[in-house]
1. Only helices (runs of 4 or more DSSP H) wholly contained in the stretch 97-210 count here; list those with 1 or more residues that are closer than 26 Å to residue 76 by Cα and within 16 Å of the ligand (Cβ to nearest atom).
2. Residues in the stretch 103-111: is at least one at pLDDT below 90, among the acidic types (Asp, Glu) and out of contact with any Lys or Arg (no Cβ under 8 Å at 6 or more places or on another chain)?
3. Please tell me if residue 57 is closer than 20 Å to residue 156 by Cβ and part of a helix (DSSP H, G or I).
4. Evaluate the stretch 110-126: report whether one residue or more is under 18 Å from the mean Cα position of the chain (by Cα) and touching a residue at least 60 places away in the same chain (Cβ under 8 Å).
5. Kindly indicate whether residue 127 is touching a Phe, Trp or Tyr at 6+ places or on another chain (Cβ under 7 Å) and surrounded by 16 or more Cβ atoms within 10 Å (Cβ to Cβ).
6. All but one of (1) closer than 26 Å to residue 199 by Cβ; (2) surrounded by 13 or more Cβ atoms within 10 Å (Cβ to Cβ); (3) over 23 Å from the mean Cα position of the chain (by Cα); (4) of a type in the set (Asp, Glu) hold for residue 93, so report the exception by its number.
Amino acid sequence: MNLSCDRKNDGQHGIDQPESELRIEIIRSRRKTVEIRVNVDLSVTVRAPLRMSRREIEEFLRKKEAWIRKNICRMEDERCFFREQREQFPGPEEIRELKDRAYLVIPEKVAYFAKILGVNYGRITIRAQKTRWGSCSSKGNLSFNCLLMKAPPEVLDYVVVHELCHRKEMNHSPQFWNEVEKVLPGYREPKKWLKDWGNVLIQGAGTSGE
Ligand SMILES: [Zn+2]
């Protein structure tokens, strides 16, 4: 299979061409649906039900070829973006700007989602942190990392909803994720984004501190 991101040859590289650049890992488990995921290293992980044959999986992948191709390209773009980001990481000046922007945007978002969730909260603090994206104290004081302003908006929404859901569940139990999902049905995407790219943003922060 060749699903590499070669824009010039778009449409000519078929999924059933001889194995080449694309690395696909198939994991079968007791699940009911198939999930395809493009990883940061541009490999593809396919999670499939036990009963699905190799042929059926290949058939499925063929149908999803355009989607896979698009997502590999997107991942490649993100990689380029972050490589550049890393070289020009914000100094104290930019951190201050990010904080100012965060104070304009985040409290509004918190108010919006708190209303949907039906929860209250205390103070909101914006920090430049190396270890976390947000936190929620037992008293309901919320803290957010100003570096979130450099992430896609869906990621910021996710972190806000995540912290507010701790007003209902002070843990990461299935009930907690259930609450998150009720408000943000697509929360797995931004959650994955943080897992893939969060470290790049946060590690850079190590050079400029709070
Ligand atoms: Zn949490």
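1. Correct list: 153-165, 188-205.
2. Within the stretch 103-111 (the criterion being at pLDDT below 90, among the acidic types (Asp, Glu) and out of contact with any Lys or Arg (no Cβ under 8 Å at 6 or more places or on another chain)), the answer is no, since none of the residues qualifies.
3. Answer is no for this residue.
4. no
5. Considered against the rule, which asks whether it is touching a Phe, Trp or Tyr at 6+ places or on another chain (Cβ under 7 Å) and surrounded by 16 or more Cβ atoms within 10 Å (Cβ to Cβ), residue 127 comes out as no.
6. Tallying (1) closer than 26 Å to residue 199 by Cβ; (2) surrounded by 13 or more Cβ atoms within 10 Å (Cβ to Cβ); (3) over 23 Å from the mean Cα position of the chain (by Cα); (4) of a type in the set (Asp, Glu), residue 93 fails exactly one: (2).
The values are calculated or read from the model by the stated rules, or taken from the named source; none is laboratory data. These numbers were taken from a predicted model, which means no experiment stands behind them. Quick reminder, even Gly has a Cβ in these numbers, built from the backbone with ideal geometry, and neighbours come from all protein chains shown.
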